[in-house]
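**Student:** Have a look at the structure that comes next, please.
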Amino acid sequence: MKIIGKFLLVYGIVSLTALLCSEITGNSASHSVTTNHWSQTRRDSAHLLDDPNQVIHTAIVAVFAAKTYGWRGRFAVHTWLVFKRAGDDHYTRYEVVGWDPDAVIRRNYAIADGYWFGARPHLLVEYRGATAEAMIGKLNAAVNNYPYPHTYRAWPGPNSNTFIAHIAREVPQLSLNMPANAIGKDYRPLRDPIGRPPSGSGFQFSLLGVLGVNIGRQEGLEMNLLGVDLGINFFPLQLRLPFMGNIPTQRQL
């Protein structure tokens, strides 16, 4: 019991330190907190993707993350999927939002690389050409077989990050390294606590996303307690911190 107590104490100290550092440095979700009404926040393009007409012959797959709106932005990011086939003159965007629990999966709900209610997005992964083209059919299939199309819970899930984690498991070619502050990525139902982590490669044990562990090339060694993830990744070398995400960040191409 003393070992468990010491572990929880260290976990709590590191988590609180990460929260304090995030407030000081702005390297986290905390800066998404705003006094503006959601309807007055930025939703325009962040210009992280090429004009599709200029790359019309190129297939593109990308996953974005942005700080969530309001007080929840102190804790988590929102993630979404974008792709276009070669020959398409537009991007297709998929994500989960909780405004309508009867239809949580949204297609082209917002601009492909748009600000998320005032928060600038950043790329988690981007693929182009034949590699991207080969994924798109699998990505569509993963969207269509998402197991929670009528359920949304901000904590501990299923939510937008549960959706993207599901897609990444189904399409491990994404090699997606979801940030530690993508709360909901580790959600698993009690009937299925063991499987692959969000990257699609490795081992995960998780009880409803509130207690568990991830071991994998992308996740490294990551522990989850009450949705607060803490760990270390070796390839690349990163700290995985609550509130701050993966430090340093690294986009995969």
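The values are calculated or read from the model by the stated rules, or taken from the named source; none is laboratory data. No experiment lies behind these values; they were computed from the predicted model shown. Every residue, glycine as well, gets a Cβ built from its backbone with ideal geometry; the counts of neighbours run over all protein chains shown. Each accessible area value is taken on the protein alone, full model and side chains, heavy atoms only, with ligands, DNA and RNA left out. Shrake-Rupley method; radii C 1.70, N 1.55, O 1.52, S 1.80 Å.
**Student:** Specify which residue in the list 123, 98, 108 is farthest towards the positive end of the charge dipole of the range 90-130, using unit charges on the beta carbon of Lys, Arg (+1) and Asp, Glu (-1), about the Cα centre.
**Tutor:** 123
**Student:** Taking 0.36 nm per intervening residue step and subtracting the Cα-Cα distance, what contour gain separates residue 151 from residue 102 on full extension?
**Tutor:** Working: separation 49, 0.36 × 49 = 17.64 nm, distance 0.75 nm.
So the extension gain works out to 16.9 nm.
**Student:** Take 194, 60, 247 and sort them by solvent-accessible surface of the protein heavy atoms, 1.4 Å probe, largest at the top. Could the numbers behind the result be given before it?
**Tutor:** Working: 194 95, 60 0, 247 55 Å².
The ranking, largest first, comes out as 194, 247, 60.
**Student:** Just to make sure I understand: if all protein chains stay in place, what is the order of 166, 47, 122 by accessible area at 1.4 Å, largest first? List each step's numbers first, then the result.
**Tutor:** Values: 166 25, 47 150, 122 75 Å².
Reading off the accessible areas and sorting them downward yields 47, 122, 166.
**Student:** Restricting to Cα pairs below 8 Å that are 6+ residues apart, what does the relative contact order work out to for the range 125-216? Please round to a whole percent. The partial results should precede the final answer.
**Tutor:** On the way: 144 pairs, mean separation 21.4, N = 92.
Result for the range 125-216 is 23 percent.
**Student:** Using a 1.4 angstrom probe and counting only protein chains, how large is the accessible area of residue 17 in Å², to 10?
**Tutor:** 70
**Student:** Next up: Placing unit charges on C-beta atoms (Lys and Arg positive, Asp and Glu negative, everything else neutral), compute the dipole magnitude of the chain about its Cα centre in debye, rounded to 20. Working shown, then result.
**Tutor:** On the way: 24 positive and 18 negative charges, 109 e Å.
So the magnitude is around 520 debye.
**Student:** Give the calculated FRET efficiency between residue 90 and residue 4 to the nearest 0.05, with a Förster radius of 51 Å applied to their Cβ-Cβ distance.
**Tutor:** Numbers: r = 53 Å, r/R0 = 1.04.
Computed FRET efficiency for residue 90 and residue 4: 0.45.
**Student:** Right, here's the next one. Give the long-range amide H neighbours of residue 220: residues separated by 5 or more places, or on another chain, with amide H under 5 Å away, using H modelled in the peptide plane at 1.01 Å from N.
**Tutor:** Amide H neighbours of residue 220, under 5 Å, 5+ apart: 234.
**Student:** Which order do 186, 192 take by accessible area at a 1.4 Å probe, largest first?
**Tutor:** The ranking, largest first, comes out as 192, 186.
**Student:** For the range 104-204, give the magnitude of the charge dipole about the Cα centre (Cβ charges: +1 Lys/Arg, -1 Asp/Glu; no others), in debye to the nearest 20.
**Tutor:** Dipole magnitude for the range 104-204 comes out near 200 debye.
**Student:** Residue farthest toward the positive end of the dipole of the range 105-219, with Cβ of Lys/Arg at +1 and Asp/Glu at -1: which of 208, 137, 160?
**Tutor:** Working it through, the farthest residue towards the positive pole turns out to be 208.
**Student:** In addition: Under 10 Å, Cα contacts only: if you run a Gaussian network model on the chain, which one of 178, 135, 223 comes out with the highest mean-square fluctuation?
**Tutor:** Evaluated over the chain, the most mobile residue of the options is 135.
**Student:** Mind ranking 93-106, 230-243 by how tightly packed they are, going by the mean number of other C-beta atoms within 10 angstrom, highest first?
**Tutor:** Details: 93-106: 16.1, 230-243: 18.2.
By packing density, highest mean first, the sequence is 230-243, 93-106.
**Student:** At 15 angstrom or more along the helix axis (alpha-carbon based) and mean Kyte-Doolittle of 0.0 or higher, what helices does the chain contain? Whole DSSP H runs only.
**Tutor:** Numbers: long enough: 2-25 (34 Å, 1.50); 130-144 (23 Å, 0.53); 160-170 (16 Å, -0.07).
Correct list, ordered by number: 2-25, 130-144.
**Student:** Is there a quick way to get the dipole size of the range 65-162? I mean about its Cα centre, with the Cβ of Lys and Arg at +1 and of Asp and Glu at -1; what is the value in debye to the nearest 20? Could you put the intermediate results ahead of the total?
**Tutor:** Details: 12 positive and 8 negative charges, 59 e Å.
Magnitude of the dipole: close to 280 debye.
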